[in-house]
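Participant: Before we start, here is the structure in question, set down as structure tokens.
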Amino acid sequence: MGGATERLTLLARAWDEAAEEYERYFVPRFAPWVDQAVGAVTGQPLPPGQILVPCCGTFPELPALQAGFPDREIFGVDLSAGMVQIARARAAGSWNVWVVEGNAATLGPEWTDACAGVVSVFGLQQLPDPAAALADWAQALRPGGCLSVVFWPTEVESDGPFALLSQVLAAHRPLADDAWQAQLGNVLAGAGVTIERDEYLSFPMSHEHAEAFWTAMTSGGPLRSVALAEGDEFMGAMRETFLAAAPAGQWNHMPRARWIVARR
Ligand SMILES: C[S@@+](CC[C@H](N)C(=O)[O-])C[C@H]1O[C@@H](n2cnc3c(N)ncnc32)[C@H](O)[C@@H]1O
């Protein structure tokens, strides 16, 4: 239990430190996935109820959600106080938006059957038990409600900066257990929802050069938590290996994320 709490605290601290750079560097690059995820819930009739966004980060989902649901309450939940601060600034002046600082891995009973829509982008793969969390999010839906979740699978690309990064890290750290990714269909069926889509979404992404990508990942992305856990010497060695194997100049790639849409 102590280990789990420590990991959560470290993750929250890492995203606190990363928040501003994440907003600057990654939010524009991740926008096509966010648009797609939000579009699944705004583009169809829904029952009455709230819209919940677990792992909202700086809340890039919000503008399209507000445009689609001007009369509904919209809640974002994120672990990181730094992320929540930026999300609240994005929501400032909106009567119907709340950003809660908290753990979205397990929703409280107040969420059961409360939501017309649940949207989450690039948070699920960070949770300690993603399959259980997804089932929990599905239970938050009312009959007719829609769940739209985008996450990074184990293999995001076969060639490109994410592929090289995985390769470099895999040589020095234990591989994450990704068995949960094959369980999501069963888990959602068990939670009483029907899957309408389960597919990969690829969009082009570009980085000025390999070093810009490395810097963004370590200062404003998921490598911030690796940096906090492993320290400067480890990160220095990883950086050297990564840059030595990376191509020169602008780096263009087509990462793929997995997108699941389900309805109760
Ligand atoms: C890559 S960001 C994605 C943010 C946003 N949804 C987007 O698409 O840009 C992942 C977010 O998940 C949050 N997160 C990680 N574990 C969490 C947890 N257990 N509960 C709530 N948020 C969590 C992090 O704090 C971070 O803000």
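Participant: Checking the structure you have, find out if any residue of the stretch 129-138 is more than 14 Å from the ligand (Cβ to nearest atom), in contact with a strand residue (DSSP E or B) (Cβ under 6 Å, 6 or more places away or on another chain), open to solvent by less than 10 Å² (accessible area, probe 1.4 Å) and closer than 28 Å to GLU199 by Cβ.
Facilitator: Checked against the condition, which is being more than 14 Å from the ligand (Cβ to nearest atom), in contact with a strand residue (DSSP E or B) (Cβ under 6 Å, 6 or more places away or on another chain), open to solvent by less than 10 Å² (accessible area, probe 1.4 Å) and closer than 28 Å to GLU199 by Cβ, the stretch 129-138 yields at least one hit.
Participant: Next question, about the same structure. Out of the residues in the stretch 139-161 that are open to solvent by 20 Å² or more (accessible area, probe 1.4 Å) and among the hydroxyl-bearing types (Ser, Thr, Tyr), which is nearest to the ligand (Cβ to nearest atom)?
Facilitator: Ranking the qualifying residues of the stretch 139-161, first place goes to THR154.
Participant: Among the candidates ALA4, ALA67, which residue alone is away from the ligand (no atom under 12 Å from the Cβ), surrounded by fewer than 19 Cβ atoms within 10 Å (Cβ to Cβ), more than 14 Å from the chain's Cα centre (by Cα) and in contact (Cβ under 8 Å) with a residue 24 or more places away in the chain?
Facilitator: ALA67
Participant: Quick one: count up the residues across the stretch 97-122 that are under 19 Å from CYS146 (Cα atoms), charged (D, E, K, R) and within 13 Å of the ligand (Cβ to nearest atom).
Facilitator: 0
Participant: Taking the stretch 17-39 only, how many residues are within 8 Å of the ligand (Cβ to nearest atom) and open to solvent by 40 Å² or more (accessible area, probe 1.4 Å)?
Facilitator: The number of residues fulfilling the criteria is 0.
Participant: For the stretch 7-14, indicate whether the set of residues that are open to solvent by less than 10 Å² (accessible area, probe 1.4 Å), within 11 Å of the ligand (Cβ to nearest atom), under 14 Å from the mean Cα position of the chain (by Cα) and not charged (D, E, K, R) is non-empty.
Facilitator: Filtering the stretch 7-14 down to residues open to solvent by less than 10 Å² (accessible area, probe 1.4 Å) leaves 14.
Now drop any that are not within 11 Å of the ligand (Cβ to nearest atom), which leaves 14.
Pick out the ones that are also under 14 Å from the mean Cα position of the chain (by Cα) and you get none.
No: the stretch 7-14 contains no residue that is open to solvent by less than 10 Å² (accessible area, probe 1.4 Å), within 11 Å of the ligand (Cβ to nearest atom), under 14 Å from the mean Cα position of the chain (by Cα) and not charged (D, E, K, R).
Participant: Here is a further query. Counting only residues that are assigned to a loop (DSSP other than H, G, I, E, B) and either at pLDDT 95 or above or of a type in the set (A, V, I, L, M) (or both), which one in the stretch 175-205 is most open to solvent (accessible area, probe 1.4 Å)? Spell out the reasoning first.
Facilitator: Applying the first criterion (assigned to a loop (DSSP other than H, G, I, E, B)) to the stretch 175-205 yields 175-178, 183, 191-193, 203-204.
Filter once more, keeping what is either at pLDDT 95 or above or of a type in the set (A, V, I, L, M) (or both): 175-176, 183, 191-193, 203-204.
Details: LEU175: 145, ALA176: 88, GLN183: 84, ALA191: 7, GLY192: 44, VAL193: 11, PHE203: 46, PRO204: 96 Å².
If we take residues in the stretch 175-205 being assigned to a loop (DSSP other than H, G, I, E, B) and either at pLDDT 95 or above or of a type in the set (A, V, I, L, M) (or both), then LEU175 is most open to solvent (accessible area, probe 1.4 Å).
Participant: Another one. Can you tell me which residue among THR58, THR42 is away from the ligand (no atom under 14 Å from the Cβ) and among the β-branched types (Val, Ile, Thr)?
Facilitator: Only one candidate passes the filter, namely THR42.
Participant: Something else: Restricting the first residue to the stretch 96-113 and requiring it to be part of a strand (DSSP E or B), which pairs with a second residue that is more than 9 Å from the ligand (Cβ to nearest atom) and open to solvent by 60 Å² or more (accessible area, probe 1.4 Å) meet a Cβ separation below 8 Å and a spacing of at least six or different chains?
Facilitator: Qualifying pairs under 8 Å: VAL97/GLU73; TRP98/GLU73; VAL99/ARG88.
The values are calculated or read from the model by the stated rules, or taken from the named source; none is laboratory data. Small disclaimer: the values here were computed from a predicted structure and weren't measured. Positions of Cβ are backbone-derived with ideal geometry, glycine not excepted, and every protein chain shown enters the neighbour counts. Areas reflect the complete protein model, heavy atoms only, side chains present, ligands, DNA and RNA absent. Shrake-Rupley method; radii C 1.70, N 1.55, O 1.52, S 1.80 Å.
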